[in-house]
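**Q** First the structure, which I've put down as structure tokens, then a few questions once you've had a look.
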Amino acid sequence: MSGDTHNVFTVDLEEWFHMCAAGEAVAARRWPLLPSRVELTTRLLLDLLDDANVRATFFVVGWVAERHGQLIEDVRGAGHDIGSHGYIHEKAYDLGRERFRADLRESVRVLSAVCTAPVTMFRAPEWSINDRSLWALDILTEEGFKIDASMAPLKIVGALSYPRYPHIRNTPAGPITEVPPLVADRFGQVMPIGWGWGLRMSSAGRVLRAIEAANRAGRPAVLTVHPWELDPDPPRVRVPARLHFAHYFRLGGFRERLRDVLHGATFGRLGDMATVSAPL
Ligand SMILES: [Zn+2]
């Protein structure tokens, strides 16, 4: 990739049951008993990316990497970047400082066994670095991380006031680049058009127009998906309504819409992103 504006495609590589605070059915102690779908669904995603000649950044849950080392090696072997999505997939503000650092280190330990390059990119589960947990950026920087992609410019999980484009945040331990996911204004609301239900419900044309608008302003658009969003036969469990919507709303046809998006714009890895200059 050149230094021109290009967009970033990211994946949160996790199992379908990696939902935070979703109740007994998917509690962490039950994970080993639940059917694993991550091999099947990640390989579907790898095929889609390969077909569109897109190299992406995969934020991998350490718990998954520990059990599916070959899968992670295959992701890396296909030319994708590897970052951390935590070890046990808990929200940063629920972990607190000490457990956040321990969980981060555990994820790095596991990922380092399958990665040759140092792990320097992070995304917190469910966009959980926000005003309740800005200390997490200090810890990430202290632990040698260069890029964080955990702060969503959206009210429910982050704040509308957060910058919508990559920017530098200064911490006592040094600067860290913050890379937010793409949002769009629609019907007087801000919607996550580059991820989650917003990406799944939107036509490829609408997503591509939002990407083009960002690019015209000289900004990259950052998209993100989960392998479980491509599951042709997703396991169903009883979870709170909020999570049911986030997980199951409009999965049908998503693979086809995503293929059109991937073919309709230029995407690269986070590590290929042009240098970000403006400090916050
Ligand atoms: Zn996640």
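The values are calculated or read from the model by the stated rules, or taken from the named source; none is laboratory data. Being a predicted model, the structure only gives us computed values, none of them experimental. Every residue, glycine as well, gets a Cβ built from its backbone with ideal geometry; the counts of neighbours run over all protein chains shown. Areas reflect the complete protein model, heavy atoms only, side chains present, ligands, DNA and RNA absent. Shrake-Rupley method; radii C 1.70, N 1.55, O 1.52, S 1.80 Å.
**Q** May I ask for the net charge around GLY23, where only other residues with Cβ less than 14 Å from the Cβ of GLY23 are counted and Lys, Arg are +1 while Asp, Glu are -1?
**A** Taking every other residue near GLY23 into account, the sum is +4.
**Q** Do me a favour and compute the ellipsoid semi-axes for region 34-118 from its Cα gyration tensor, root of five times each eigenvalue, largest one first, whole Å.
**A** Equivalent ellipsoid semi-axes, largest first: 24, 14, 12 Å.
**Q** Can I ask one more? Residues of region 64-147: accessible area per residue at 1.4 Å, in Å²?
**A** Values: 3510 Å² over 84 residues.
About 42 Å² of surface per residue is accessible.
**Q** Also, quick follow-up: Using Cα pairs closer than 8 Å and at least 6 residues apart in sequence, work out the relative contact order for the chain, in percent.
**A** 27 percent
**Q** Using the alpha-carbon centroid of each, what span in Å lies between region 139-153 and region 38-86?
**A** 20 Å
**Q** How large are Rg and Dmax for region 1-145 when calculated on the C-alpha trace, in angstrom?
**A** 15.3, 48
**Q** Moving on to the next point. Mean residue ellipticity at 222 nm from the helices of the chain, using -39,500 (n - 2.57) per DSSP H segment of n ≥ 4 over the full residue count, to the nearest 500 deg cm²/dmol?
**A** -10500 deg cm²/dmol
**Q** Using C-alpha positions alone, give me the convex hull volume of region 149-257 per residue in cubic angstrom.
**A** 133 Å³
**Q** Here's a follow-up. Count charges around TYR248 for me, please; just the other residues with Cβ under 11 Å from its Cβ, Lys/Arg as +1, Asp/Glu as -1.
**A** So the surrounding residues net to +1.
**Q** With a/c under 1.5 counting as rounded, go ahead and sort region 178-226 into rounded, prolate or oblate using the C-alpha gyration tensor (a ≥ b ≥ c being the square roots of the eigenvalues; past the cut-off, prolate if a/b is larger than b/c, else oblate).
**A** Note, shape of region 178-226 comes out rounded.
**Q** With Cβ to Cβ distances under 11 Å as the rule, what net charge do the other residues near PRO172 carry (K, R +1; D, E -1)?
**A** Residues close to PRO172 contribute a combined charge of -2.
**Q** I've got another one for you. Along the three principal axes, how long is the chain when you take its alpha carbons, biggest first, rounded to the nearest angstrom?
**A** 48, 46, 39
**Q** Rounded to the nearest percent, how much of the accessible area of region 34-174 (1.4 Å probe, protein heavy atoms only) is carbon and sulfur?
**A** With neighbouring chains kept in place, the figure for region 34-174 is 48 percent.
**Q** Could I ask something else about it? Place a +1 charge on the Cβ of each Lys and Arg in region 9-67 and a -1 charge on the Cβ of each Asp and Glu, then give the dipole magnitude about the Cα centre in debye, rounded to the nearest 20.
**A** On the way: 6 positive and 9 negative charges, 39 e Å.
Taking the Cα centre of region 9-67 as origin, the dipole is about 180 debye.
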